[in-house]
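Chemist: Below is the structure I would like to discuss, written out as structure tokens.
The values are calculated or read from the model by the stated rules, or taken from the named source; none is laboratory data. Computed from a predicted structure; not experimentally measured. Neighbour counts run over all protein chains shown; Cβ positions are idealised from the backbone, glycine included.
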């Protein structure tokens, strides 16, 4: 187990490495080391936002378009049902963690950077609102597809595909917002 002092040193080294990895970002701000640390924190927040999105959408895509069709055709129905229950149980925990990280990091980034950088830009804030609402719809649908109740029955695969499509729309909106 690492002591708190060792953890602090490791964290500081990681922040310095991030500052060195992103010199263009560190140079844009004035203030030396403090600006580099701020930049490193913002980069970590962005990664904390983007990686769970990749995991959640990619995993859902794999589950819907690869695992379900292959399992339905390759395994006997009883075995596949048992396998699917086990996979969903583990995947559900990952989904909940991803949703929490996406919400926390999204709000952190918006309130730390987005509002200030885009003050007075109505389109940016409107797109943020649309993106947020669509993300909540995606979270709701994904919870319905992989939740403990799973009451969708035969509609589950269709709702899963709709969820993935809406998730892709959210990513496209975010990409556009990033270019603003």
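Chemist: Take residue 129 and decide whether it is assigned to a helix (DSSP H, G or I) and either closer than 16 Å to residue 59 by Cβ or in contact with a helix residue (DSSP H, G or I) (Cβ under 7 Å, 6 or more places away or on another chain) (or both).
Modeler: no
Chemist: Of the numbered conditions (1) touching a helix residue (DSSP H, G or I) at 6+ places or on another chain (Cβ under 6 Å); (2) over 30 Å from residue 81 (Cα atoms); (3) modelled with pLDDT of 90 or more, residue 175 fails exactly one; give the number of that condition.
Modeler: Among (1) touching a helix residue (DSSP H, G or I) at 6+ places or on another chain (Cβ under 6 Å); (2) over 30 Å from residue 81 (Cα atoms); (3) modelled with pLDDT of 90 or more, the lone unmet condition for residue 175 is (1).
Chemist: Sticking with this one: Among the numbered criteria (1) surrounded by fewer than 16 Cβ atoms within 10 Å (Cβ to Cβ); (2) assigned to a helix (DSSP H, G or I), which one does residue 56 miss?
Modeler: So residue 56 meets the others, but not (1).
Chemist: Kindly indicate whether residue 135 is within 18 Å of residue 54 (Cβ to Cβ), in contact with a helix residue (DSSP H, G or I) (Cβ under 7 Å, 6 or more places away or on another chain) and at pLDDT 85 or above.
Modeler: On the way: within 18 Å of residue 54 (Cβ to Cβ): yes; in contact with a helix residue (DSSP H, G or I) (Cβ under 7 Å, 6 or more places away or on another chain): yes; at pLDDT 85 or above: yes.
Judged against the criteria, residue 135 is a match.
Chemist: Pairs please, first residue from segment 116-131 and on the phi < 0 side of the Ramachandran plot and in contact (Cβ under 8 Å) with a residue 60 or more places away in the chain, second anywhere and surrounded by 13 or more Cβ atoms within 10 Å (Cβ to Cβ) and not in a loop (DSSP other than H, G, I, E, B), Cβ atoms under 6 Å, 6+ apart in sequence or on different chains.
Modeler: Close Cβ pairs (under 6 Å, with a partner that is surrounded by 13 or more Cβ atoms within 10 Å (Cβ to Cβ) and not in a loop (DSSP other than H, G, I, E, B)) amount to 118/124.
Chemist: Confirm whether residue 57 is at pLDDT 90 or above and in contact with a helix residue (DSSP H, G or I) (Cβ under 7 Å, 6 or more places away or on another chain).
Modeler: In short, yes.
Chemist: Hey, any hits in segment 89-96 for a residue that's at pLDDT 90 or above, exposed (fewer than 13 other Cβ atoms within 10 Å of the Cβ), farther than 15 Å from residue 147 by Cβ and out of contact with any helix residue (DSSP H, G or I) (no Cβ under 8 Å at 6 or more places or on another chain)?
Modeler: Scanning segment 89-96, I find no residue that is at pLDDT 90 or above, exposed (fewer than 13 other Cβ atoms within 10 Å of the Cβ), farther than 15 Å from residue 147 by Cβ and out of contact with any helix residue (DSSP H, G or I) (no Cβ under 8 Å at 6 or more places or on another chain), so the answer is no.
Chemist: Can you name the residue in segment 132-149 that is part of a loop (DSSP other than H, G, I, E, B) and surrounded by fewer than 13 Cβ atoms within 10 Å (Cβ to Cβ) and is also farthest from the chain's Cα centre (by Cα) among such residues?
Modeler: The first filter runs over segment 132-149 and keeps only residues part of a loop (DSSP other than H, G, I, E, B), leaving 147-149.
Checking the rest, the ones that are also surrounded by fewer than 13 Cβ atoms within 10 Å (Cβ to Cβ) come to 148-149.
Numbers: 148: 21, 149: 23 Å.
Going through the qualifying residues, I end up with 149.
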